[in-house]
1. From the list B:86, B:16, which one is more than 10 Å from every other protein chain (Cβ to nearest Cβ), buried (at least 18 other Cβ atoms within 10 Å of the Cβ) and without any contact (Cβ under 8 Å) to a residue 40 or more places away in the chain?
2. Would you mind listing the helices (runs of 4 or more DSSP H) fully within the range A:270-388 where at least 3 residues are in the same structural domain as residue A:257 (by TED's automatic domain parsing) and more than 18 Å from the chain's Cα centre (by Cα)?
3. For the range A:71-161, which fully contained strands (runs of 3 or more DSSP E) count at least 2 residues that are exposed (fewer than 15 other Cβ atoms within 10 Å of the Cβ)?
4. Taking the range A:243-260 on its own, how many of its residues are within 19 Å of residue A:292 (Cα to Cα) and in contact with a helix residue (DSSP H, G or I) (Cβ under 9 Å, 6 or more places away or on another chain)?
5. Give the range A:1-44 a look and list any residue that's over 25 Å from the mean Cα position of the chain (by Cα) and part of a loop (DSSP other than H, G, I, E, B), or say none.
6. Given (1) assigned to a loop (DSSP other than H, G, I, E, B); (2) over 30 Å from residue A:103 (Cα atoms); (3) under 19 Å from the mean Cα position of the chain (by Cα), identify the lone condition not met by residue A:52.
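The values are calculated or read from the model by the stated rules, or taken from the named source; none is laboratory data. Note that the structure is a prediction, hence the values are computed from the model and not measured. Note that each Cβ is placed from the backbone with ideal geometry, even for glycine, and that neighbours are counted across all protein chains shown.
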């Protein structure tokens, strides 16, 4: 199997699995209980919290565990707003975990501004400055896009939000563990992260909330997470997430360079060897190290995907969450692609388990498949006839 | 997407891909911005469809329904060809996932559109054949 869908999820890091195991068996106590075995688990959860805080330049009491990125995003956005209503700002290239929360809030009466992006999928900080109103209650912009890997100018956006005293949230699900992040230096008030995107387990994530940020709970119940997020802690998940993030940070200096080089090799080989291909998104430093998003003109993305899947090659169109829906990606549309080219996009996402040999093998499948599918395509025929 | 083995076979190894240079009728339906576009070529002699080919832009289900529709239509008379409905296409593929049912409708429309083109070119009226919908 050729796994090139690390933006959808990643395999568990061996160190995370190792760290988790004792908490399934020996140390199973509920950390909220009073007896000694619970104390040991409570201490381990505290250490994990500290370790995650350290990884993003936060304080221990600013990290709140959630069930994943979607819950963290929902909580940050809904928790900061109140019955006054008002104006909220996001980008036009958000993950559905943010985008659909904004759409929900719009129906509830909030006024929403969706910041446009350029052809590389990047927000212009000047457009944020222009969008801000006296009643703007929240700004939320994705750190790095899940489909095209474009890394937003978070520091500039954060500075503008801070200047106006407006809470600034970022969905950093694709960025944490892959890029160095310092929430203080970047002016971030809230940041959502998800463990399974950086070789941790599924079903666990966290929300960073800067001290002093007024954030109402969304889940009411027990006193966990300093009375702000009820529910018994996902202890094994928390331990695994912390171990995976530590491992990712340890490996980052080498991995960032190695994976970026694999990415650039794949991009260059596709553009050179397969006709009618176009790279979607930014290049170099403005792109996530593992992201490759290419439109194969005249070949419908889902068909391409099905053929690759029959060749044991796991990739995706756009985001894994929307791949069952037959509509072009809102991210590619926001970047100005026409809907046909958007429907021809394939995302390859590389990670720590991928090698040079994977790229060679992928190309040996991609090239003949693209050639075969081009010959079946009525759109390609139409293109040839128009050219004549 | 959970496809039947038959659907997978028909998009991995589609039958009748190509064009017929001197086709008796050609039908193109769907539009690329909705994701699917199908073009069917029919060669008709003495009221019998002796050859059928297609080219499609679309997902696996779109290719599979085009492929099976061209298989089903070969050897049929023009009137018999009208019995190839979206239901018949779906059944011949051992079913389609719910979000892909529209592909079988498109395959039926592509056949009908090619038959309509044939009828128009030859000044014929085919009982029960509706003109293709305008895109």
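1. On the way: B:16 fails: without any contact (Cβ under 8 Å) to a residue 40 or more places away in the chain.
Just one listed residue meets the conditions, B:86.
2. Values: elements: A:301-310, A:330-334, A:339-342, A:356-376, A:378-387.
Of the helices (runs of 4 or more DSSP H) lying wholly inside the range A:270-388, those with at least 3 residues that are in the same structural domain as residue A:257 (by TED's automatic domain parsing) and more than 18 Å from the chain's Cα centre (by Cα) span A:301-310, A:339-342, A:356-376, A:378-387.
3. On the way: elements: A:87-91, A:111-115, A:136-140.
Output list is empty.
4. Adding up the residues that qualify gives 2.
5. Residues satisfying the conditions are A:25, A:26, A:27, A:28, A:29, A:30, A:31, A:32, A:33, A:34, A:35.
6. (1)
Residue-wise test of (1) within 30 Å of residue A:339 (Cβ to Cβ); (2) at pLDDT 95 or above; (3) surrounded by fewer than 23 Cβ atoms within 10 Å (Cβ to Cβ).
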residue: B:48; (1), (2), (3): no, yes, yes
residue: B:63; (1), (2), (3): yes, yes, no
residue: B:82; (1), (2), (3): no, no, yes
residue: B:124; (1), (2), (3): no, no, yes
residue: B:127; (1), (2), (3): no, no, yes
residue: B:134; (1), (2), (3): yes, no, yes
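Rundown of residues vs (1) farther than 21 Å from residue B:101 by Cα; (2) within 13 Å of the chain's Cα centre (by Cα); (3) away from chain A (no Cβ under 12 Å), yes/no style:
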| site | (1), (2), (3) |
| --- | --- |
| B:32 | no, no, no |
| B:48 | yes, no, yes |
| B:55 | no, yes, no |
| B:60 | no, no, no |
| B:70 | no, yes, yes |
| B:74 | yes, yes, yes |
| B:78 | yes, no, yes |
